[in-house]
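One structure below.
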Amino acid sequence: GAGVSQTPSNKVTEKGKYVELRCDPISGHTALYWYRQSLGQGPEFLIYFQGTGAADDSGLPNDRFFAVRPEGSVSTLKIQRTERGDSAVYLCASSLSSGMGSGELFFGEGSRLTVL
Amino acid sequence: GENVEQHPSTLSVQEGDSAVIKCTYSDSASNYFPWYKQELGKRPQLIIDIRSNVGEKKDQRIAVTLNKTAKHFSLHITETQPEDSAVYFCAAIGSNYKLTFGKGTLLTVNP
């Protein structure tokens, strides 16, 4: 597609439920990133993939968060037993390649998660 | 890991004035420094970036300067217009390949 696509754009769920957020990166981009942005804050790194593998998942806050990218394209961020503190906008970004100074990250519009 | 500090958190200027936003970083191995503009409810969008082999880069009304010795970089917007109003984020890619963002600057350009 023309840009990074994220679905759903909005998700409201109840505390304790399971959610999945999907990211479809720009075709041909090997690097894919997930960030979380709370109101009034900068994007906070969660995880990044180079191809199919998670090259760095050090930003995942705890084991309730998990992400996959089985075929090196679409990625799914999975959150188990959601808590109110998980409420935020989850941003996905892709890049032509990873590595130091490799270039621009293109962001999707984000998935706004609200946990009641 | 990389740590990026950004100042000021809010900035209000009159239309036509200049605006300057400053950032510092901690990882001396960082070599790529982008600036993103984010309008309310929208995605961050790259407006300019600079690599560590240059000290300054300019694109029309926007310029970025980099001082590697001091580990700081700045965004300069001249002849500001109301449509420049947004949140601006600086960022740096450190030796861990992660793009680390500052906390953002809310710029308001008053007509």
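Rg and Dmax over the alpha-carbon atoms of the protein assembly as shown stand at 17.6, 51 Å. GNM on chain B, alpha-carbon springs under 10 angstrom: the most fluctuating residue among B:Val13, B:Val87, B:Val54 is B:Val54.
What is the gain in length, in nm to one decimal, between B:Asp17 and B:Leu40 on full extension, counting 0.36 nm per residue of separation less the C-alpha to C-alpha distance?
Numbers: separation 23, 0.36 × 23 = 8.28 nm, distance 2.24 nm.
The span from B:Asp17 to B:Leu40 would gain 6.0 nm if fully extended.
With R₀ fixed at 41 Å, the C-beta to C-beta distance from B:Gln81 to A:Thr13 puts the FRET efficiency at about 0.55.
The tail of the calculated P(r) for the range A:27-87, taken as Cα-Cα distances beyond 12 Å, holds 68 percent of the pairs. For the residues A:Leu113, B:Leu106, B:Leu11, B:Leu40, a 1.4 Å probe over the protein chains yields an accessible-area ranking, largest first, of B:Leu40, B:Leu106, B:Leu11, A:Leu113.
Our coupling estimate for the range B:73-85, obtained by passing each phi through the Karplus curve with A = 6.51, B = -1.76, C = 1.60 and θ = phi - 60°, is 9, 9, 10, 10, 10, 9, 6, 4, 10, x, 6, 7, 4 Hz, Gly and Pro reported as x. The distance linking the range B:66-105 with the range B:3-38 is 3 Å (Cα centroid to Cα centroid, whole angstrom). Taken about its Cα centre, the protein assembly as shown carries a charge dipole of about 420 debye when Lys and Arg each add +1 at the Cβ and Asp and Glu each add -1 at the Cβ. Here the Kirkwood formula puts the hydrodynamic radius of chain B at 13.9 Å, using every distinct Cα pair.
When the surface is traced with a 1.4 Å probe over the full set of protein chains, B:Asp27 keeps roughly 30 Å² accessible. Of B:Arg61, A:Arg64, A:Arg112, the residue with the largest accessible area leads and the full order is A:Arg112, B:Arg61, A:Arg64 (1.4 Å probe).
If the range B:54-103 were replaced by its equivalent ellipsoid, with semi-axes equal to the square roots of 5 times the Cα gyration tensor eigenvalues, what would those be, largest first, whole Å? Could the numbers behind the result be given before it?
Values: eigenvalues 102, 46, 14 Å².
The equivalent ellipsoid of the range B:54-103 has semi-axes of 23, 15, 8 Å.
Which of A:Lys78/B:Lys22; A:Lys15/B:Lys98; B:Lys22/B:Lys58; B:Lys37/B:Lys58; A:Lys11/B:Lys42; A:Lys11/B:Lys22 have a Cα-Cα distance over 24 Å?
Violating the 24 Å limit, Cα to Cα: A:Lys78/B:Lys22; A:Lys15/B:Lys98; A:Lys11/B:Lys22.
If you wrap the tightest convex hull around every Cα atom of chain A and split its volume per residue, you get 96 Å³.
The values are calculated or read from the model by the stated rules, or taken from the named source; none is laboratory data. Owing to the predicted nature of the structure, the values given are computational and were not obtained by experimental measurement. Every residue, glycine among them, receives a Cβ derived from its backbone with ideal geometry; neighbour counts consider all protein chains shown. We work out accessible area using only protein heavy atoms, side chains counted, and drop any ligands, DNA or RNA first. Shrake-Rupley method; radii C 1.70, N 1.55, O 1.52, S 1.80 Å.
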